[in-house]
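The values are calculated or read from the model by the stated rules, or taken from the named source; none is laboratory data. Values in this document were obtained by computation on a predicted structure and should not be read as measured data. For neighbour counting, all protein chains shown are included, and Cβ atoms are generated from backbone atoms with ideal geometry for every residue, glycine included. Areas reflect the complete protein model, heavy atoms only, side chains present, ligands, DNA and RNA absent. Shrake-Rupley method; radii C 1.70, N 1.55, O 1.52, S 1.80 Å.
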Amino acid sequence: MHIPDAFIPLPQAAVYWIIALVFLALAIRWARSELNEDKIPLIAVLAAGIFALQSFNLPVSMGTSGHLVGGALAAIVLGSPFAAVFILTLVLIIQGFIFGDGGITVMGANILNMGVIGGFVGYYTFQGLLKVVKNPYLSSAVAAWLACLIPALACAVEMSVAGTFPLVPGLVAMGIYHAIIGVIEGVVTAVIIYVLAMARPDLVDTSVGVASV
């Protein structure tokens, strides 16, 4: 899902950068007001874990690849979709500038897809399901699945708009692969949240109802 340079024309890439920067500014404001000495190590652990999860890339087709995202995990654990934007931006900067995983000119699109869309879809899906099913682990699994699938479909639409590959084949390829990958992400997310809730409930945002289980 890491879009390489030259897959999106520069004018379109600039639009995605502007959108991403708006959300990044809001994420930085969230970090300044919410982060404390207890959450800073958790931010580092989540960033490292998400970096590791995203390292396992599976080729999809038409020059793209699929992998776990981690946006839902960050948003759910820290109780805000802006946490996902903040952490995923850090991860994508390191991946793009140091490891060449994902382009620089298109990094705005990658932040938008994985951080913004992934974080907001994951967080609000979790919140909505939790009110219905009253099970944070099932809710987090479904939320993480959607937070993997929806950004992949958004990426396919962006590639179509850019003229990189046709819309329908792109949606099919990215959608099918990430629907499968999303199952893995859902299980991993639920397990991590369960372990955190059992071992260190003080580190999990109690407002989402996870630590109280």
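Only one of (1) modelled with pLDDT under 95; (2) part of a helix (DSSP H, G or I); (3) surrounded by fewer than 19 Cβ atoms within 10 Å (Cβ to Cβ) fails for Val157. Which number is that?
(1)
From the list Thr189, Thr164, which one is touching a Gly at 6+ places or on another chain (Cβ under 9 Å) and either more than 28 Å from Ala48 (Cβ to Cβ) or aliphatic (A, V, I, L, M) (or both)?
Selected residue: Thr164, the only one of Thr189, Thr164 that is touching a Gly at 6+ places or on another chain (Cβ under 9 Å) and either more than 28 Å from Ala48 (Cβ to Cβ) or aliphatic (A, V, I, L, M) (or both).
Out of all the residues in segment 160-178, which are hydrophobic (A, V, I, L, M, F, W, C) and crowded, with 16+ Cβ neighbours inside 10 Å?
Ala162, Phe165, Leu171, Ala173, Met174
How many of the residues making up segment 2-24 are at negative phi and either outside any helix (DSSP H, G or I) or open to solvent by less than 60 Å² (accessible area, probe 1.4 Å) (or both)? So that I can check it myself, show each step before the final result.
We begin by selecting, within segment 2-24, every residue at negative phi; these are 2-5, 7-24.
When the remaining residues are screened for being either outside any helix (DSSP H, G or I) or open to solvent by less than 60 Å² (accessible area, probe 1.4 Å) (or both), the result is 2-5, 7-9, 12-14, 16, 20, 23-24.
Residues in segment 2-24 being at negative phi and either outside any helix (DSSP H, G or I) or open to solvent by less than 60 Å² (accessible area, probe 1.4 Å) (or both): 14 in total.
Listed residues Ile94, Ile76, Ile87, Ile104; which is touching a residue at least 24 places away in the same chain (Cβ under 8 Å), within 25 Å of Lys39 (Cβ to Cβ), among the β-branched types (Val, Ile, Thr) and surrounded by fewer than 24 Cβ atoms within 10 Å (Cβ to Cβ)?
Every option except Ile94 fails the conditions.
Going by what's in this entry, would Ser139 be described as part of a helix (DSSP H, G or I), more than 22 Å from Phe86 (Cα to Cα), open to solvent by less than 10 Å² (accessible area, probe 1.4 Å) and hydroxyl-bearing (Ser, Thr, Tyr)? Steps first, answer last, please.
Values: part of a helix (DSSP H, G or I): yes; more than 22 Å from Phe86 (Cα to Cα): yes; open to solvent by less than 10 Å² (accessible area, probe 1.4 Å): yes; hydroxyl-bearing (Ser, Thr, Tyr): yes.
The answer is yes for Ser139.
What about Ala52, is it at pLDDT 90 or above, farther than 27 Å from Ser160 by Cα and either assigned to a helix (DSSP H, G or I) or open to solvent by 20 Å² or more (accessible area, probe 1.4 Å) (or both)?
Details: at pLDDT 90 or above: no; farther than 27 Å from Ser160 by Cα: yes; either assigned to a helix (DSSP H, G or I) or open to solvent by 20 Å² or more (accessible area, probe 1.4 Å) (or both): yes.
No, not satisfied.
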